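Have a look at the structure below before the remarks.
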Amino acid sequence: MGLLRTYFNNTRKPEGPLGRSMLSGMNREHARVSDWGMAHLRGVQASRIVELGCGGGRNVGELLQRYPNAHLVAVDYSSESLAKTARLNGPLVAQGRCELLEADVSQLPMDDATFDLATAFETVYFWPGPVRSFAEVRRVIAPGGTFLIVNESDGMNPADEKWKRIIDGLNIYTPDQLRGFLNQAGFSHIEVDHDRKAHRLCVLAR
Ligand SMILES: C[S@@+](CC[C@H](N)C(=O)[O-])C[C@H]1O[C@@H](n2cnc3c(N)ncnc32)[C@H](O)[C@@H]1O
């Protein structure tokens with residue numbers, strides 16, 4: 001595997017020094033699309049949040065600022081991602097507002113109906129299924145809760161094809177595909193904001 005492939009495969013599961021470097025880069029590079037996506041949470045109440053595929057943890061702090069009374073569980077299957085999230089959000093972890101959990105989103109070690117809000121920024125591309133993973137998210141969300149998906153790629157940009165060749169297991173979904181998967185996973189109300197110009201999308205599923 002060439003160095004380029006080795007480096008970019010750290011987007012799927014950050015590991016070691018290259019993974020640490022990738023996590024810092026993703027915290028910076030994903031900030032804009034993440035904030036755009038989070039703006040769609042206006043009006044969504046939440047006190048129990050699960051941030052899935054948290055990566056370097058930049059969005060943990062942002063979410064807890066938006067929801068000052070909430071408790072958040074940051075989930076990732078990469079120990080490197082969780083270590084970076086812990087370093088970046090030390091005070092929130094110390095206060096008990098942020099808990100870290102190493103787990104695969106397709107098998108969450110949590111009770112049914114535990115959360116009001118589940119978030120996934122730039123990560124569903126890699127999830128097993130994905131219907132199986134979305135059904136697992138639905139299981140842990142309480143009735144009436146919300147699942148937010150934010151992707152900076154909409155599956156309609158020919159320029160993104162190169163990433164599929166470089167990054168193993170990368171699937172870039174169109175808005176219609178995501179709608180279909182979420183429906184199959186048992187979500188009933190699905191709203192998609194598709195920014196065709198920027199090729200980015202934000203999904204709110206309930
Ligand atoms: C491209 S990074 C995005 C990280 C962060 N959400 C962001 O926006 O910068 C994808 C993250 O999802 C995690 N991830 C991918 N598949 C996962 C799975 N099945 N279960 C848990 N975490 C997963 C990876 O380890 C990685 O930290």
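Brief remarks on what is shown
- Sum of -39500 (n - 2.57) over DSSP H runs of 4+, divided by residues of the chain (222 nm, nearest 500): -10500 deg cm²/dmol
- One Cα centroid belongs to the range 156-203, the other to the range 14-40; the line between them spans 18 Å.
- Lysine pair count for the range 3-205 [Cα-Cα under 25 Å; pairs on different chains or 8 or more apart]: 5
- Set the Cα radius of gyration of the range 3-205 against 2.2 N^0.38 Å, with N its number of residues, and you get 0.95.
- Theoretical FRET efficiency, 1/(1+(r/R0)^6), r = Cβ-Cβ of Asp35 and Leu101, R0 35 Å, to 0.05: 0.90
- Computed extension length for Ala113-Ser21: 29.6 nm, one decimal, from 0.36 nm per residue of separation with the Cα-Cα distance subtracted.
- Each residue of the range 53-66 was assigned a 3J(HN,Hα) from its phi angle through the Karplus expression (A = 6.51, B = -1.76, C = 1.60, θ = phi - 60°), giving x, 5, x, x, x, 4, 7, 4, x, 4, 5, 6, 6, 5 Hz with x at Gly and Pro.
Read the figures in this text as sums done on the coordinates, not as results from a lab. Note that this is a predicted model, so its numbers are computed, not measured. Cβ sites come from the backbone with ideal geometry, for glycine too, and all protein chains shown count toward neighbours.
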